[in-house]
Structure formats: C-alpha cells, structure tokens
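Presented below is the structure to which this report refers.
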Protein chains: 2
Amino acid sequence: MTDLDYMELAIEQAKIAASLGEVPVGAVIVKNDSIVATAYNRRELDKNALAHAELLAIDRACKRLGGWRLFGCTLYVTLEPCPMCTGAIINSRIDRVVYGALDPKAGSCESVIPLTEFPYNHKPILEGGLLQQECSQLLSDFFQQLRKKKLKKTSYKK
Amino acid sequence: MTDLDYMELAIEQAKIAASLGEVPVGAVIVKNDSIVATAYNRRELDKNALAHAELLAIDRACKRLGGWRLFGCTLYVTLEPCPMCTGAIINSRIDRVVYGALDPKAGSCESVIPLTEFPYNHKPILEGGLLQQECSQLLSDFFQQLRKKKLKKTSYKK
C-alpha cells in the first residue's frame with residue numbers, strides 16, 4: 001500500500017469522527033507496511049482533552065508493539081498535529097509523519113511553530129499536504145453543518 | 001494547603017516512580033483547594049510513550065471532573081513539562097502550572113522553547129522553580145543509582 005492508500009484510511013477514520021459529531025480528524029500508524037493502529041478524534045465523546053486521533057493511535061501502537069519506542073513507524077493524520085500530538089510524536093520516536101490539511105490555529109509542525117526543528121532528542125521526517133484538499137473539505141463541511149444546526153436550534157428558540 | 005504543600009505531594013508521587021525504577025517525576029492537579037488527580041511517571045512500566053506524570057494526571061482529572069476543559073485547575077509537577085505535556089496543558093485549558101526542576105533537554109515552558117508564549121488558544125500561568133533543589137536532587141540520585149547498577153551489571157558480565 002502507498003502513502004495515498006494509508007491517508008485514505010485516515011480519512012475514513014476522520015469520517016467516523018464526523019458521523020459521531022466529533023471534529024473529523026483521523027490517524028493511522030503503519031510499520032513495515034502493516035497497520036498497527038487506527039484512531040479518530042473522540043474529545044467530546046470521551047470528555048477528555050487527550051483524546052486526539054494521534055494520541056489514541058500512539059497509545060494503541062505502544063500497546064500493540066509492546067514498547068514506548070515506535071521505531072520504524074509512520075503516522076498518517078488528516079490534520080497537522082497540535083503541540084501535544086507533535087510532542088507525543090517526538091516522545092514516541094515515530095520515524096515519519098504524513099499529514100493532510102494545515103491547522104493555522106494549533107498546527108505545530110509548521111503553522112504556529114515548527115516544533116520538531118527545536119533541539120529535542122528525536123526529529124521525525126515530516127511530509128505535509130497529502131490529500132490536503134479532501135482533508136480540509138471534511139473539516140469545512142463539518143463546521144458548516146455545525147453552524148447550520150446551531151442556527152436551526154436558535155430559530156426554534158424564538 | 002499551599003503551593004508548597006501540593007508540590008511536596010508531587011514529590012511524594014515522584015518518589016513512588018523512583019521506587020519502581022521509573023524516572024522520578026510526579027504530578028498533582030488541584031481545583032478549589034481539592035486534589036482532583038495525582039500521578040507519577042510510568043513510561044517503562046506501562047511501555048507507553050504517553051505515560052508521563054502530567055498526561056496521566058490530566059487524563060484522571062478529565063475523568064474525575066467529567067469534561068475536557070480543566071478550568072480553574074492548577075497542575076503541580078516536579079519537572080518542567082516536555083512539549084507533549086505542555087501541549088496537553090494548553091489543550092486542557094489548565095489555568096496555572098507550578099513546576100520544580102528545569103529540564104534542559106526537553107523542557108518546553110522555558111528551557112528548549114517557551115511553548116506557551118506562542119499564539120495558541122490558551123495561555124496558562126507558569127511558575128517555575130518551586131522546591132527546585134529537592135526535585136532536581138531526586139532526579140540526580142535516581143540517575144546516579146542507575147549508573148551504579150549498570151556498572152555492577154557490567155562487572156558481573158566480565
């Protein structure tokens with residue numbers, strides 16, 4: 001399977017999030033062309049600030065592989081990771097990160113700050129912009145739907 | 001209870017970590033003068049890159065308080081948080097962070113980078129250096145013991 005295939009799987013994960021009312025972000029971790037973890041954002045469902053797709057995927061990958069060092073792994077994620085998730089990528093020694101859409105508000109691979117460029121003890125390879133349009137569209141559609149629902153709710157109250 | 005009292009509790013947590021062979025870092029989260037979570041570093045025991053004291057404490061606090069926004073909470077931690085944990089502090093909207101020792105290798109409140117100074121959507125109040133000497137000493141003692149053990153192990157092998 002190619003980077004494109006794995007990102008499409010991450011998009012499928014993001015779509016599950018959207019269907020559950022969560023901001024659509026999905027992640028897949030791959031090692032030696034095998035999927036070791038998939039996850040989608042569950043912050044509202046889990047009522048937990050840590051429940052970003054990347055963190056849930058890293059947690060599962062550590063459990064699956066039986067260690068905290070995810071050497072040889074690539075993380076595919078539909079949205080540029082936030083500082084927490086970029087930090088978790090550094091801590092777990094993930095080799096490579098492929099992300100889709102940019103996140104101008106919290107993205108910490110290039111948008112707000114290029115966190116991995118600072119002298120931490122691990123520096124993953126970053127590749128941004130894969131299926132960027134599809135990943136962005138998912139987010140735009142989600143927020144548009146959310147605004148519509150809120151508008152509807154507001155008008156019912158009148 | 002005062003900041004000093006809570007930091008002493010965080011040090012107690014760090015000591016539990018040391019007794020289990022983990023790098024001694026401990027954390028306590030407090031809201032309205034009540035402890036809502038305590039945790040210590042369990043990275044080796046859990047074989048999980050996410051098992052830092054701060055992340056475990058934030059996870060517990062979200063579960064305890066029933067939401068992902070930890071408004072009104074103060075996090076006490078014996079070591080300056082890494083980028084992952086500083087990001088989690090931003091994401092969980094923790095009001096205030098009090099830390100002990102500096103971490104020149106991964107500290108992301110001031111040492112490697114002042115991460116909270118960048119334009120994310122939340123900026124916690126930071127207070128570093130409380131019981132710094134005690135917190136540092138715990139870490140130095142732990143690593144000294146570790147070196148001794150390794151030396152012993154090496155000489156057995158001869």
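Taken as a whole, the condition of being in contact with a Ser or Thr (Cβ under 9 Å, 6 or more places away or on another chain) and under 28 Å from A:Phe118 (Cα atoms) applies to B:Ile58. Inspection of segment B:132-146 finds no residue satisfying the criterion of being touching a residue at least 12 places away in the same chain (Cβ under 8 Å) and within 14 Å of another protein chain (Cβ to nearest Cβ). If you go through segment B:23-53 and pick out every residue that is part of a loop (DSSP other than H, G, I, E, B) and among the β-branched types (Val, Ile, Thr), you end up with 2. Going through segment B:15-60 one residue at a time, which ones are open to solvent by less than 10 Å² (accessible area, probe 1.4 Å), farther than 19 Å from B:Arg93 by Cα and either touching a strand residue (DSSP E or B) at 6+ places or on another chain (Cβ under 6 Å) or more than 14 Å from every other protein chain (Cβ to nearest Cβ) (or both)? B:Ala17, B:Pro24, B:Gly26 - these are the residues of segment B:15-60 that are open to solvent by less than 10 Å² (accessible area, probe 1.4 Å), farther than 19 Å from B:Arg93 by Cα and either touching a strand residue (DSSP E or B) at 6+ places or on another chain (Cβ under 6 Å) or more than 14 Å from every other protein chain (Cβ to nearest Cβ) (or both).
Evaluating A:Gly66 against the criteria (1) buried (at least 24 other Cβ atoms within 10 Å of the Cβ); (2) within 9 Å of chain B (Cβ to nearest Cβ); (3) out of contact with any Cys (no Cβ under 6 Å at 6 or more places or on another chain) leaves one unmet condition, (1).
Residues that are closer than 19 Å to B:Leu4 by Cα, surrounded by 24 or more Cβ atoms within 10 Å (Cβ to Cβ) and at the interface with chain A (Cβ under 10 Å from one of its Cβ atoms) do occur in segment B:74-89. Remark: pairs (first residue in segment A:63-80, in a strand (DSSP E or B); second residue among the hydroxyl-bearing types (Ser, Thr, Tyr) and crowded, with 20+ Cβ neighbours inside 10 Å; Cβ separation under 6 Å; 6+ apart in sequence or on different chains) = A:Tyr76/A:Tyr6; A:Val77/A:Tyr99.
Scanning segment B:114-147 for residues that are of a type in the set (A, V, I, L, M), in contact with an Asp or Glu (Cβ under 8 Å, 6 or more places away or on another chain) and within 16 Å of B:Val25 (Cβ to Cβ) returns B:Leu130, B:Leu131. Pairs meeting the criteria (first residue in segment A:104-117 and free of Cβ contacts under 8 Å to residues at least 40 places away in the same chain, second residue crowded, with 23+ Cβ neighbours inside 10 Å and polar (S, T, N, Q), beta carbons under 8 Å, at least 6 apart or on different chains) are A:Ser108/A:Thr86; A:Cys109/A:Thr86; A:Pro114/A:Ser108; A:Leu115/A:Thr86; A:Leu115/A:Ser108; A:Thr116/A:Thr86.
Going through segment B:47-99 one residue at a time, which ones are under 9 Å from the mean Cα position of the chain (by Cα) and of a type outside the set (A, V, I, L, M, F, W, C)? Across segment B:47-99, the qualifying residues are B:His52, B:Glu54, B:Tyr76, B:Thr78, B:Glu80, B:Pro81, B:Tyr99.
Look through segment A:95-125, keep the residues that are more than 18 Å from A:Thr78 (Cβ to Cβ) and open to solvent by less than 10 Å² (accessible area, probe 1.4 Å), and return whichever of them is farthest from the other protein chains (Cβ to nearest Cβ). Taking the candidates together, the pick is A:Thr116.
The values are calculated or read from the model by the stated rules, or taken from the named source; none is laboratory data. Quick caveat, the model's predicted, so the values are computed rather than measured. So basically every Cβ, Gly included, is an ideal-geometry build from the backbone, and we count neighbours across all protein chains shown. Note: accessible area is taken over every heavy atom of the protein model, side chains too, but ligands, DNA and RNA are not part of it. Shrake-Rupley method; radii C 1.70, N 1.55, O 1.52, S 1.80 Å.
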